[in-house]
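Structure first, commentary second.
Derivation of every value follows stated rules applied to the coordinates shown; laboratory data play no part. Keep in mind that what you see is a predicted model, and the values were worked out from it rather than measured. Cβ atoms come from the backbone with ideal geometry, glycine included; neighbour counts cover every protein chain shown.
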Protein chains: 2
Amino acid sequence: MQSEETKVDTEERIIVAALAVFARKGKDGARMQEIANEAGINKAMLHYYFRSKDKLYEAVFRHVFNRFSAQHATAVKESPTFAKTLKLFIDGFIDSIKEKPDIVRLMVNENLSGGTALGSMIVEKQHEKAAPSILKKKLEEAIKNGEIRPVDPDHTLLTVLSCCLFFFIWAPTIHIKIPKSKDWDAFIESRKEHIFDVVYNGLQPQ
Amino acid sequence: MQSEETKVDTEERIIVAALAVFARKGKDGARMQEIANEAGINKAMLHYYFRSKDKLYEAVFRHVFNRFSAQHATAVKESPTFAKTLKLFIDGFIDSIKEKPDIVRLMVNENLSGGTALGSMIVEKQHEKAAPSILKKKLEEAIKNGEIRPVDPDHTLLTVLSCCLFFFIWAPTIHIKIPKSKDWDAFIESRKEHIFDVVYNGLQPQ
DNA sequence: TTTTGGTTTAACCAAATGGTTGAATCGTAT
DNA sequence: ATACGATTCAACCATTTGGTTAAACCAAAA
């Protein structure tokens with residue numbers, strides 16, 4: 001019997017490599033050989049650990065979704081004021097995605113191909129401690145006590161999500177103007193501020 | 001010689017079918033047979049009209065990009081006030097996409113796979129009359145004459161784009177809560193209003 | 001009617017793809 | 001040392017894939 005370490009390591013490497021390939025090519029466009037190459041292992045190993053392409057895709061999806069929501073949930077604790085909660089949400093969300101942008105790309109691919117995996121997982125994992133739930137709750141509170149204008153909470157949540165996610169999806173096009181390694185980090189920081197600035201002001205009572 | 005009508009018609013049908021398949025599967029994930037089925041023609045026709053998968057993809061990309069920017073440009077004429085221009089931009093943009101959401105999906109796929117086709121085309125087609133250029137110009141004017149706060153025009157444009165595009169990309173997930181045919185149109189209309197509402201208020205001087 | 005040119009099709013091909021297999025390795029317990 | 005179960009790999013297989021071809025089709029010109 002080989003060490004538990006080795007097995008976990010190989011499994012992890014496959015997941016990481018598969019995520020990268022699925023994220024840029026989609027489920028159908030991804031090639032098992034490409035995943036194997038990216039993981040630096042034999043193609044047969046993919047089937048040894050995950051039986052089939054379908055199972056591998058499902059495993060990757062579950063894995064990254066769990067990691068992402070867990071990480072994001074810890075980053076976005078509930079804060080006393082709505083303003084602080086919103087700021088934490090935006091910063092935490094963007095930081096999470098910045099660290100692993102492939103996760104968002106995978107989810108976008110799932111949406112593009114009409115898959116329901118993401119939706120059912122969101123429904124399944126929806127709970128009070130999830131970051132979007134926290135923000136929505138705070139939003140409704142803030143509307144009640146007049147801190148912000150009466151806006152549709154669902155639309156507002158979607159607006160924040162759009163602003164935080166979209167530029168990662170659109171990155172290659174944006175990179176034509178913003179050099180990748182040099183200014184990208186600075187761009188992300190300025191983006192955080194801009195989103196909070198516009199959204200929070202946009203919710204203020206007139 | 002067959003009628004010009006027939007040829008154009010077949011070419012058009014191929015483009016339409018190819019757009020649909022490329023949009024949901026990406027370039028690598030798309031299958032020539034699937035495109036042929038969707039167009040209701042023999043697979044060999046694809047090669048007869050477009051030589052190869054690469055050429056077909058390129059043709060589809062150019063075609064839809066031109067149609068989209070042309071349509072959007074006519075919808076978003078410059079208006080006297082910034083507020084009106086912004087409203088026209090949002091409504092026009094969303095209406096354009098609503099009519100052919102596959103165009104956005106195709107562009108997203110191009111970004112996900114790191115392709116540069118979109119970026120170079122945007123640069124190539126960038127001109128004064130393009131809708132984003134109009135909005136940006138009006139934005140800078142409005143900042144100068146104090147109608148709105150001094151914000152980064154590029155970030156603001158990106159924010160508007162995010163809000164208008166993202167929910168189409170994320171549609172399958174959103175559809176879990178918003179039934180597809182029944183309430184989707186109403187949702188889009190309310191989304192238009194919400195985006196203008198939050199963004200315009202977010203840009204107001206305090 | 002026959003010819004002519006573009007158009008459409010079924011059948012075909014080589015390469016790529018997802019998946020399988022049996023032998024070779026490797027660490028560990030006996 | 002040796003036996004054993006988990007792991008890794010090269011070679012292999014059946015099917016699918018992008019692409020080709022030669023023949024059939026069809027409208028209009030001759």
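Tell me, what ³J(HN,Hα) does each residue in the stretch A:32-48 have, in order and in whole Hz, if you take phi through Karplus 6.51 cos²θ - 1.76 cosθ + 1.60 with θ = phi - 60° and put x for Gly and Pro?
4, 4, 5, 4, 4, 4, 4, 8, x, 9, 6, 4, 4, 4, 4, 6, 4
Give me the dipole magnitude in Debye, nearest 20, for the protein assembly as shown about the Cα centre, with unit charges on the beta carbon: positive for Lys and Arg, negative for Asp and Glu.
In debye, rounded to 20, the protein assembly as shown gives about 400.
For the stretch A:99-199, with the dipole built from +1 on Lys and Arg beta-carbon atoms and -1 on Asp and Glu ones, taken about the Cα centre, which of A:I174, A:G114, A:V199 lies farthest toward the positive end?
A:I174
For the stretch B:53-206, what is the charge dipole size about the Cα centre, in debye to the nearest 20, if Lys and Arg each add +1 at the Cβ and Asp and Glu each add -1 at the Cβ?
With only Lys, Arg, Asp and Glu charged at Cβ, the dipole is about 240 debye.
What number, in nm² with one decimal, is the all-direction average of the projected area of the convex hull of the alpha-carbon atoms of chain A?
13.9 nm²
Tabulate in residue order the Karplus-calculated ³J(HN,Hα) for the stretch B:105-111, using 6.51 cos²θ - 1.76 cosθ + 1.60 with θ = phi - 60°, rounded to whole Hz; enter x for Gly and Pro.
4, 4, 5, 5, 4, 4, 5
Taking the alpha-carbon distance from B:K43 and a cut-off under 17 Å, which lysines remain once sequence neighbours fewer than 8 residues away in the same chain are dropped?
Leaving aside lysines fewer than 8 places away in the same chain, those within reach of B:K43 are B:K7, B:K27, B:K53, B:K55.
Taking +1 at the Cβ of each Lys and Arg and -1 at the Cβ of each Asp and Glu, which of B:P132, B:V16, B:N145 sits farthest along the dipole of chain B towards its positive end, judged by Cα position relative to the Cα centre?
B:V16
Output needed: percent of Cα pairs per 10 Å distance bin for the stretch A:54-134, bins running from 0 to the one holding the longest distance.
Final binned percentages: 17, 47, 29, 6, 1.
Each residue of the stretch A:164-173 in order: what ³J(HN,Hα) in whole Hz does its phi give by Karplus 6.51 cos²θ - 1.76 cosθ + 1.60, θ = phi - 60°, with x for Gly and Pro?
7, 8, 4, 5, 6, 4, 8, 3, x, 6
What Kirkwood hydrodynamic radius do you get for the protein assembly as shown when you take the inverse of the mean 1/r over all pairs of distinct Cα atoms, in Å?
The Cα-based Kirkwood calculation yields 22.9 Å.
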